[in-house]
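Readers should treat all values here as calculations from the given coordinates under stated rules, not as data from a laboratory. Source: prediction; values computed, not measured. Cβ placement follows ideal geometry from the backbone for every residue including glycine, while neighbour counts extend to all protein chains displayed.
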Amino acid sequence: MKKVIIYSQVTCPPCHEEKLWLKENGIEFEERDIRKDDQYLQELIELGAAATPATIIKDENSEEVILGFDQAKLAQILGI
């Protein structure tokens, strides 16, 4: 089972698009709003991201970081 975490903020149109796309494809995710929690902003910076969305997809063996809403890469990693 893959765990999906998306770092986002309210003022980010690509964040809304990605979350909608994930929901439409039945993918559960944890949203971390960087404007509501400084810890989430710090985690985003540590990922090397300068903008949202940034998505982490992890399972027992691997962890992928996707910067921006890269639908093709998300689909590939999530097997959609």
message = Spelling out what I want: for every residue of region 17-34, take phi, set θ = phi - 60°, compute 6.51 cos²θ - 1.76 cosθ + 1.60 (Karplus), and round to whole Hz; glycine and proline get x.
response = 4, 5, 4, 5, 4, 4, 4, 4, 9, x, 9, 7, 8, 9, 9, 10, 7, 5
key: Vicinal HN-Hα couplings computed from phi for region 65-75 (Karplus, 6.51 cos²θ - 1.76 cosθ + 1.60; Hz; Gly/Pro x)   = 10, 10, 9, x, 8, 9, 4, 5, 5, 4, 4
inquiry  = Need the full-extension length gain, residue 23 to residue 46, defined as separation in residues times 0.36 nm minus the C-alpha distance. One decimal, nm.
reply    = 5.6 nm
task = Looking at the chain, send over the antiparallel percent of its DSSP beta bridges, to the nearest 5.
result = 70 percent
query = Using every alpha carbon pair in the chain, what percent of pairs falls into each 5 Å bin from 0 up to the bin containing the largest distance?
reply = 3, 16, 30, 27, 17, 7, 1
key: Approximate spin-label separation residue 76-residue 38, in nm, with each point projected 7 Å along Cα-to-Cβ   = 3.8 nm
query = When the helices in the chain are scored as -39500 (n - 2.57) per DSSP H run of 4 or longer and the sum is shared across all residues, what 222 nm value do you end up with, to the nearest 500 deg cm²/dmol?
reply = -10500 deg cm²/dmol
ask   = From a point 7 Å beyond the Cα of residue 10 in the direction of its Cβ, which residues of region 35-72 have a backbone N at a distance under 13 Å?
value = 35-37
